[in-house]
């Protein structure tokens, strides 16, 4: 487990903390490996009854580290660190809670779609800027968002890629509660304690039923997204977007067809 992903088991709760504050908690392949390992640990340990994902007081995650991902994905999506993590997250049988402060960009938003409850600070900002980067949706977002929000709202979030506030996320039904930013993690942890005190088999059964209608379609969508995402990472549009990001300018897609 890298020190960029910290885990702590206490009171039957596994807290998984993204800890790369100098890079706004941007995620590398190695960090995804650690996130997947944490989920496997939680699934295998009968004493763990709930998982809490969190970041720092002012940032959940800025999304993928583009300098790392500019090299592409190392293999078939389901075998890559990010693919393994997302599939484990979608299939875990134990309740997952997230505490989000500050930016939650890209996968920082899409991973929340697989959490059972999400607590967001007033300073939280969500964004899925995949198209802005010459990429495509991931994490099952192309299936779940239209199903939950309707196609036009999903298209606006995924095609324009604008950031939106905690109030917007609550209105859309994407988070459970808005908190005072200094209390976000504490409130999420209290809910984890309540979940951990519940009958564990009943919680697992409830989670399975909540996910049952989309289970097969979700895996198919995630694999299709992952395959296309890998292709898009190699595209000239993505190269221009990543170059523009590094140069701190807007990408110029005017020459592309």
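Taken together, the values in this text are just the output of simple stated rules run on the coordinates, not laboratory data. Computed from a prediction, not measured in an experiment: that's the story for all the values here. Here Cβ is always computed from backbone atoms with ideal geometry, including for glycine, and neighbour counts include all displayed protein chains.
For the chain, DSSP calls about 30 percent of its internal beta bridges antiparallel. Once the chain from residue 155 to residue 43 is taken as fully extended at 0.36 nm per residue, the excess over their C-alpha distance is 36.9 nm.
Helix 29-44 and the longest principal axis of the Cα set of the chain meet at an angle near 20°.
Treating r as the C-beta distance of residue 201 and residue 249 and R0 as 45 Å, the FRET efficiency rounds to 0.25.
Taking other C-beta atoms within 10 angstrom as a stand-in for reagent exposure, 149, 233 fall in the order 149, 233, fewest first.
Summary of the geometry: the stretch 33-61 and the stretch 111-144, compared by the centres of their Cα atoms, lie 18 Å apart. Taking Cα atoms only, the orientation of helix 200-212 departs from the longest principal axis of the chain by about 30 degrees. Per residue, the chain reaches -13000 deg cm²/dmol at 222 nm when only DSSP H runs of four or more residues are counted, each adding -39500 (n - 2.57). Taking all Cα pairs closer than 8 Å and separated by 6 or more residues, the relative contact order of the stretch 5-179 comes to 19 percent.
If neighbour count is taken as other Cβ atoms inside 10 Å, put 159, 222 in order from fewest to most.
Details: 159 13, 222 27.
In increasing order of surrounding Cβ atoms, one gets 159, 222.
Using only Cα atoms, tell me the angle between helix 236-246 and the longest principal axis of the chain; keep it within 0 to 90° and round to the nearest 10. Here the helix axis deviates by roughly 70 degrees.
Mind ordering 199-211, 3-15, 57-69 by average Cβ neighbours within 10 Å, highest first?
Those peptides, ordered most packed to least, come out 57-69, 3-15, 199-211.
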